[in-house]
Each structure stands twice: as C-alpha cells, then as structure tokens.
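**Student:** Quick one: structure below, then a few questions.
The values are calculated or read from the model by the stated rules, or taken from the named source; none is laboratory data. Bear in mind that the values here come from a model prediction, so they are computed numbers and not experimental data. Cβ sites come from the backbone with ideal geometry, for glycine too, and all protein chains shown count toward neighbours.
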Amino acid sequence: GATRLAAVVGRPVRHSLSPLIHNAWLAAAGIDGAYLALSPSEEGFPHLVEGLRGSSLAGINVTLPFKEAALAAADVASTRAQLAGAANLLLFAEDGSVQADNTDGQGLLGAFASQASGFDPAAAPVVILGAGGAARGAAAAFVLAGAPKVRLVNRTKGRAEAIAHALGEAVSAHAWSELPGLLDDAGALVNATSLGLEGQAPLEIELDPLPASAPVMDMVYRPLTTRLLEDAAGAGHPVVDGLEMLILQAAPSFEAFFGQAPPAGVDVRALALAALEQDA
Ligand code: NDP
C-alpha cells in the first residue's frame, strides 16, 4: 500500500513536538507512514484544508492559531469539538468530507488519570484559570466528565462569561479577586492561561485555600516545571503537567490516522523531554 501520511498544522510549527512523537510511534510500530509539519499563512489555512479534501493525507492535527478555523472548515464535528469550540484533529475521508474532532480534553483528563491517580473529575468543583481556547477546551472536557461545577477565572471576565454562556449552567465566570473563595471546596486547579510560559511572568497565586488532596495541573509545558507546579508540589498537591496532556491528546490522533493505537515500549515522554531541553 501507499505510505500513510498525516501532519501537524500551526503557525509557528517549528517547535511542535508532534512530529517527534508520531514519528517515534510510527517507527516503533513498523508502519509505512510519515508525519509532517505544515505552516500556512493565517489566510491560507482554509485553502489548505480545501486542498487536502479527499487527498491521500489521512488527516491533520491543528495547533495555534488555527483550532477555531479548523472547526469552521469541517463538514461535521464531534460533540466534544463543538463544545470546545475548536478542533485539534481533522480527518479527510475518502468520500471527500472533512471531519473535525478534539482530543485535547481526552489528553487533559488522561494526564490527570496518569499523574494524579484516584482523581475523580465528577467529585468536586474544578477551578480553571484563563478564558482562551485552552480554557474553553478544558472546561468542556470537565463538563463532559460530569464535574458538578466548573469555575472559570480570568483577567478579562467577559471572555469567561462568554464561555460560561456557551457551555451552560455548570460553568461560572469569575474575576481573579474571587479566587480564594473559589478554591476552598475545589477538587482540582488548572492553569490554562499563558502565565508561566517561557518569556512570560510566572503564575503566582495563593494555594493555601485549596485542599491538599486536590491536584494542580499546568497546561504550560515550556518550561515543564513551572512556578505553579513547584509551589503546588511544595504544598503537597499531586501535580499534573502539560507534556502528559500533549502526549495523551496525540495518542487518539495517531489511532485515527494510522488505524492502530500507539505501540507500547517507546518512551515518547523521554524523547519529548530531551527535545524540550535542547530547545531551551
Ligand atoms: P490564549 O492566548 O487564547 O489565552 C491566554 C489566556 O491567558 C487568557 O485567558 C489571558 O487573559 C490570560 N493571560 C495572559 N497574560 C495574562 C496576564 N499577564 N495576567 C492574567 N492573565 C493573562 O491562549 P490559549 O488558550 O490558546 O493557551 C493558553 C496556554 O495553554 C498556553 O500556554 C498554551 O501553550 C497552553 N496549551 C497547552 C496545551 C497542552 O497540550 N499542554 C494545549 C493547548 C494550550 P485575558 O483573556 O484577560 O487576556
């Protein structure tokens, strides 16, 4: 058969870890396939998707800043992509249709399952910092997982209100000043702002009110160990990192592209960690 192809599409895409992860799995599984990186202009993205309709490319992963445009470009979308308001996965079917999905939520909850064992997303309210695309995706994932309440805390409260409006009454919008009172009965805290990202100010918040059993997750993974995760570990919270999320959103994408789950026995986390270190 022909070499099976997939790609990540982003701008910039040079630092994406997805080609490293997928190509390591392809090699270990002995699949005749390749995973590429594409970086169209902002205006070029919809044209790229049109050009790939019915092509031999199985599909694409989509990253910044195209996730919302990817959902808009698709003919059909999964419920989870619609709730997230974004797609990180487009599949090009043989009949020429474009199918949108979003595996980010699966990656997020998978990261909790792997690094904070015993965590139950449905047991207590969840606090999410931020109201960009990452925060909306995380909120959608927790709503779908049965979280009794999802509290979005954002500098620009109106953006959090818009997400709460789109996702329904389980989601509420808050200002930073409300944070202490939102943490004291919370079951988890997630940073979905870009604070803590390389070159940005660190996220410094008072974790004292958060119950010690509540995991703290940072979606930022450059650097992998952020101030937030350091503070949380110091206070005895289980910590969950953004690299685990990235790897666990890649796994269902791989299966959709190449027809089988990623092979066991290849330590993509170690490969990704080495690449992050080299990049830093
Ligand atoms: P956006 O740019 O859409 O959102 C940024 C968010 O950060 C907004 O809520 C913004 O608040 C807030 N913010 C930025 N600067 C400040 C500041 N100085 N003070 C307070 N709040 C601030 O980004 P995304 O939602 O796309 O991504 C957020 C993060 O999640 C990124 O670091 C990204 O790399 C990471 N991510 C990780 C993934 C993974 O797999 N691990 C997947 C997707 C994203 P405001 O609305 O007020 O501007």
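**Student:** Can you tell which of Gln260, Gln200 is away from the ligand (no atom under 14 Å from the Cβ), outside any helix (DSSP H, G or I) and more than 16 Å from Gln115 (Cα to Cα)? Explain how you work it out, then say what you get.
**Tutor:** Values: Gln200 fails: away from the ligand (no atom under 14 Å from the Cβ).
Checking each option against the conditions leaves just Gln260.
**Student:** Separate question: Take the residues of segment 125-142 that are assigned to a helix (DSSP H, G or I) and more than 8 Å from the ligand (Cβ to nearest atom): which is surrounded by the most Cβ atoms within 10 Å (Cβ to Cβ)? Steps first, please.
**Tutor:** Our first condition is that a residue be assigned to a helix (DSSP H, G or I); within segment 125-142, this holds for 133-142.
Retained after the next criterion (residues that are more than 8 Å from the ligand (Cβ to nearest atom)): 138-142.
Values: Ala138: 27, Ala139: 31, Ala140: 27, Ala141: 26, Phe142: 28.
Per the criteria, the residue is Ala139.
**Student:** Within segment 87-97, is there a residue that is touching a residue at least 24 places away in the same chain (Cβ under 8 Å), within 13 Å of the ligand (Cβ to nearest atom) and in the same structural domain as Leu195 (by TED's automatic domain parsing)?
**Tutor:** no
**Student:** Given the conditions (1) under 24 Å from Pro19 (Cβ atoms); (2) away from the ligand (no atom under 16 Å from the Cβ); (3) in a loop (DSSP other than H, G, I, E, B), and given that His237 satisfies all but one, which numbered condition is not satisfied?
**Tutor:** For His237, the exception is condition (1).
**Student:** What single numbered condition from (1) surrounded by fewer than 17 Cβ atoms within 10 Å (Cβ to Cβ); (2) in a helix (DSSP H, G or I) fails to hold for Ala2?
**Tutor:** (2)
**Student:** Then there is this: List the number of the failed condition for Glu206; all other conditions in (1) surrounded by fewer than 20 Cβ atoms within 10 Å (Cβ to Cβ); (2) of a type outside the set (Ser, Thr, Tyr); (3) within 14 Å of the ligand (Cβ to nearest atom); (4) farther than 22 Å from Ser117 by Cα hold.
**Tutor:** (3)
**Student:** Another question about this same structure. For residues that are within 15 Å of the ligand (Cβ to nearest atom) and exposed (fewer than 13 other Cβ atoms within 10 Å of the Cβ), scanning just segment 176-197, find the one that is nearest to Gly137 (Cα to Cα).
**Tutor:** The initial filter retains those residues of segment 176-197 that are within 15 Å of the ligand (Cβ to nearest atom), namely 176-179, 189-197.
Still in the list and also exposed (fewer than 13 other Cβ atoms within 10 Å of the Cβ): 176-177.
Working: Trp176: 20, Ser177: 23 Å.
Step by step, filter segment 176-197, then rank; the result is Trp176.
**Student:** Please go through segment 148-189 and pick out each residue that is touching a strand residue (DSSP E or B) at 6+ places or on another chain (Cβ under 8 Å) and of a type in the set (Val, Ile, Thr).
**Tutor:** Selection gives Val150, Val153, Ile163, Val171.
**Student:** Further question on the same structure: Mind counting the residues in segment 263-280 that are without any contact (Cβ under 8 Å) to a residue 40 or more places away in the chain and part of a helix (DSSP H, G or I)? Working first, answer last.
**Tutor:** Our first condition is that a residue be without any contact (Cβ under 8 Å) to a residue 40 or more places away in the chain; within segment 263-280, this holds for 264, 267, 269-270, 274, 277-278.
Retained after the next criterion (residues that are part of a helix (DSSP H, G or I)): 269-270, 274, 277-278.
Residues in segment 263-280 being without any contact (Cβ under 8 Å) to a residue 40 or more places away in the chain and part of a helix (DSSP H, G or I): 5 in total.
**Student:** Could you say whether any residue in segment 223-237 is modelled with pLDDT of 95 or more, among the hydrophobic types (A, V, I, L, M, F, W, C), buried (at least 20 other Cβ atoms within 10 Å of the Cβ) and in contact with a helix residue (DSSP H, G or I) (Cβ under 8 Å, 6 or more places away or on another chain)?
**Tutor:** Within segment 223-237 (the criterion being modelled with pLDDT of 95 or more, among the hydrophobic types (A, V, I, L, M, F, W, C), buried (at least 20 other Cβ atoms within 10 Å of the Cβ) and in contact with a helix residue (DSSP H, G or I) (Cβ under 8 Å, 6 or more places away or on another chain)), the answer is no, since none of the residues qualifies.
**Student:** Name the one entry in Phe119, Phe112 that is within 16 Å of the ligand (Cβ to nearest atom) and either assigned to a loop (DSSP other than H, G, I, E, B) or of a type in the set (Phe, Trp, Tyr) (or both).
**Tutor:** Values: Phe119 fails: within 16 Å of the ligand (Cβ to nearest atom).
Among Phe119, Phe112, only Phe112 is within 16 Å of the ligand (Cβ to nearest atom) and either assigned to a loop (DSSP other than H, G, I, E, B) or of a type in the set (Phe, Trp, Tyr) (or both).
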